[in-house]
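The values are calculated or read from the model by the stated rules, or taken from the named source; none is laboratory data. Since the structure is predicted, the reported quantities are computational estimates derived from the model, not experimental observations. Ideal geometry is used to build each Cβ from the backbone, glycine not excepted, and the neighbour counts take in all protein chains shown. Remember, those area values only see protein heavy atoms, side chains included, never the ligands or the DNA or RNA. Shrake-Rupley method; radii C 1.70, N 1.55, O 1.52, S 1.80 Å.
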Amino acid sequence: MRNIVFTGKGGVGKTSVAAATALRAAEAGKRTLIISTDPAHSLGDSFDMELGPSPVKIAENLFGQEVSVYGDLSLNWEIVREHFAHLMQVQGIEGIYVEEMGVLPGMEELFSLSHIKRYNESREYDLLVVDCAPTGETLRLLSLPETFGWMLRLMRNLEKYVVKPVIRPLSKRVGRLQDYVPDVDVYEQVDQLFSSIEGIIELLSDGERTTVRLVMNPEKMVIKESMRALTYLNLYGITVDQVVINRVYDESADGVFLRDWKAIQQGYIEQIERSFAPIPITRVPLFPKEVLGIDMLRKVGDAAYGELDPLAIFYREEHIDIRKEGEGRYTMKLRLPFVFDNRMEADVVQVGDSLTVRIGNYQKGVVLPVFLAGMRVEGASYEQGWLAIAFTRKEGAPARPKEER
Ligand SMILES: Nc1ncnc2c1ncn2[C@@H]1O[C@H](COP(=O)(O)OP(=O)(O)O)[C@@H](O)[C@H]1O
Ligand SMILES: [Mg+2]
C-alpha cells in the first residue's frame with residue numbers, strides 16, 4: 001500500500017492538495033482513503049460533506065476519515081485516564097482538569113500513527129493519503145515512534161522489576177501508597193497502545209511505500225518552516241518526494257498591484273527552487289475562489305500533477321546525511337548534484353540556525369537541526385555530488401548540549 005503524507009505550515013493548502021490527490025487517485029481507479037490527523041479538521045469542508053471518526057464514502061473508490069482523539073481515547077485509553085483522574089482526586093484536584101488529564105502531549109499523533117499502521121495491515125486500500133496538522137505536529141508525529149519505543153521499554157521494565165515484585169505487594173499494606181500505584185490493567189492498556197505503533201518507523205521511512213509532500217506558499221516564513229521540516233524529515237530517514245507551491249499568481253493575473261506581488265512571489269519561488277532542489281517542484285495557481293467541493297479539487301489535482309500519476313514516487317534519494325564523528329564533532333553532507341566543477345570553492349555561511357552554501361552561482365539554504373545550530377562550521381569539501389561540512393563544538397560551550405543525540 002502506498003502512503004502519501006502532506007504537511008506544511010498552517011493555512012498553506014495542505015488539506016486542499018491532499019484532498020485533490022486522493023480524488024485524482026480514486027478517479028484513476030485506486031481504492032483510496034484520506035485521513036485527517038489535524039485536530040482542526042477541515043477535510044470534510046474541503047469535500048463539502050460531513051466526515052467522521054471512521055471512514056465515510058465520498059465518491060467511487062474514495063473514503064475519508066477525521067481522526068478524533070476523544071473518540072480514540074474513550075476506546076483505548078479509558079483505564080489509564082481513570083487512573084490519572086484518580087491520582088488527581090487523591091491530591092484534592094477536581095474539576096475539568098481531571099477530565100482533560102490523561103490526554104498526554106503526543107496522544108493525537110500516537111492515535112494517528114496507530115490508524116496508519118492498521119490501514120497498512122488491512123490491505124483494504126491501494127493508497128492512504130494523510131492530511132497532517134501543521135509542520136511542527138507532523139514532525140512530532142514522525143519522531144514519536146522512537147520516543148515511545150524507549151518509553152515502552154522503560155515502562156515494561158518498571159512494571160516487571162519494580163512495581164510488580166516490590167511496590168504493588170507493599171502498597172497492599174501501606175494504605176496511602178495504594179492510591180498511587182497503577183493496577184496491572186493500566187499497564188496493559190499503555191502497553192497495548194504503544195505496541196500498536198511498533199514497526200511504524202520502518203513503514204514511514206520506507207521510501208518505496210511512504211513519501212512526504214511539502215506544501216508551501218511563496219512566502220518568507222512559510223519557506224523557512226518547510227526547510228526546517230525537510231532537514232528533520234531527512235534525519236528521520238523519511239523521503240520527501242515532492243514540493244507543492246500553492247497559491248501562485250498565474251500569468252493572467254494583471255494590474256499594478258498584482259504585478260508587484262508577482263515579482264515578490266517570483267523571488268520566493270526561486271528561493272524554493274534553490275533550497276529544495278533536486279526534489280521535484282510543482283505549482284498550483286491561486287484560484288479566484290476557495291477550493292471547496294469535487295470540481296475545485298479536480299482543478300487543483302490537474303495543476304499539481306498534470307499527466308503524472310499521483311501515486312508515483314517522484315524522488316527517492318537522500319539529500320542530507322548527518323553523522324557524529326566523535327565527541328562534539330559532526331559531519332553534515334548535502335547532496336548537490338548540480339554542482340559539477342570540483343575545483344570550485346564552497347562558501348558556507350552560518351547565521352544562527354541557518355546555513356547558506358554558495359558555490360559559483362549556485363546557492364542553497366539549509367536549516368540546521370538544533371544540535372548543530374550551536375556548533376561552528378570548520379570547513380567544507382566537495383566530493384562526488386556531496387558537500388561535506390564539518391562542525392565542531394564552540395569553545396566554552398557545554399560539553400554535552402541537551403539536544404545532542
Ligand atoms: N490554490 C488555491 N486557490 C484558492 N484558494 C485556496 C487555494 N489553496 C487553498 N485555498 C483555500 O485556502 C484555505 C486554506 O486551505 P487548506 O487546504 O485548508 O490549508 P491547510 O490545510 O494547509 O490549513 C481554504 O479556504 C482553501 O479553500
Ligand atoms: Mg488542513
Original post:
Karplus couplings for region 191-197 from phi (6.51 cos²θ - 1.76 cosθ + 1.60, θ = phi - 60°), rounded to Hz, Gly and Pro as x?
Top reply: 4, 4, 5, 4, 5, 5, 10
Original post:
What angle, in degrees between 0 and 90 and rounded to the nearest 10, separates the Cα long axis of helix 220-235 from the longest principal axis of the Cα atoms of the chain?
Top reply: 60
Original post:
What is the Rg over Rh value, at two decimals, for region 284-323, using alpha-carbon atoms and the Kirkwood definition of Rh?
Top reply: 1.20
Subject >> Tyr70-Met49 pseudo-label distance in nm [points 7 Å out on the Cα-to-Cβ vector] >> reply: 2.4
Original post:
So for the pair Trp261, Ala59, with labels modelled 7 Å out along Cα→Cβ, what separation do we get in nm?
Top reply: 2.8
Original post:
How much FRET efficiency would the formula 1/(1 + (r/R0)^6) give for Phe287 and Val181, where r is the Cβ-Cβ distance and R0 is 60 Å, rounded to 0.05?
Top reply: 0.55
Original post:
What whole-number value in Å² describes the accessible area per residue of the chain for a 1.4 Å probe?
Top reply: 49
**OP:** Estimate the FRET efficiency between Val351 and Asp302 by the formula 1/(1 + (r/R0)^6), using the beta-carbon distance for r and 45 Å for R0, to the nearest 0.05.
**Re:** 0.65
Original post:
Around Val212, which amide H atoms from residues at least 5 apart in sequence, or from another chain, sit under 5 Å from its own amide H, with H modelled in the peptide plane?
Top reply: Val5, Thr239, Val240, Asp241
Subject >> Distance (nanometres) between label positions extended 7 Å along Cα→Cβ at Arg118 and Leu154 >> reply: 2.7
Original post:
Among the DSSP beta bridges whose two residues both lie in the chain, what percent are antiparallel, rounded to the nearest 5?
Top reply: 55
Original post:
Mind checking the dipole of region 320-392: about its Cα centre, +1 per Lys or Arg Cβ, -1 per Asp or Glu Cβ, Debye to the nearest 20?
Top reply: 120
Original post:
Where the only charges are on Cβ atoms (+1 Lys, Arg; -1 Asp, Glu), what is the dipole of the chain about its Cα centre, to the nearest 20 debye?
Top reply: 1140
Subject >> With every protein chain in place, the chain: carbon and sulfur % of accessible area (1.4 Å) >> reply: 52
Subject >> Acute angle (nearest 10 degrees) that the helix 14-27 long axis makes with the longest principal axis of the chain, alpha-carbon atoms >> reply: 80
Original post:
Which FRET efficiency value, to the nearest 0.05, is calculated for Lys220 and Lys172 with the Förster distance at 56 angstrom and r the Cβ-Cβ distance?
Top reply: 0.35
**OP:** For region 320-392, count all C-alpha to C-alpha pairs, find those more than 14 Å apart, and express that count as a whole percent of the total.
**Re:** 56
Original post:
For the chain, the longest stretch holding no chymotrypsin sites (Phe, Trp or Tyr not before Pro) located in a DSSP loop with at most 13 other Cβ atoms within 10 Å is which?
Top reply: 1-179
Original post:
Could you give the dipole magnitude of region 239-321 about its Cα centre, charging the beta-carbon of Lys and Arg +1 and that of Asp and Glu -1, in debye to the nearest 20?
Top reply: 300
Original post:
Gain in length, Glu318 to Lys394, computed as 0.36 nm per residue apart minus the alpha-carbon separation, to one decimal in nm?
Top reply: 24.5 nm
Original post:
Considering the dipole of the chain built from charges on the beta carbon (Lys and Arg +1, Asp and Glu -1) around the Cα centre, which of Tyr362, Pro288, Thr211 is farthest to its positive end?
Top reply: Tyr362
Subject >> Cα radius of gyration and Dmax for the chain (Å) >> reply: 24.1, 82
Original post:
For helix 256-276, what angle does its Cα long axis make with the longest principal axis of the chain, in degrees from 0 to 90 and rounded to 10?
Top reply: 70
Original post:
Picking from Arg118, Arg228, Arg283, which is most flexible by a Gaussian network model of the chain using Cα springs under 10 Å?
Top reply: Arg118
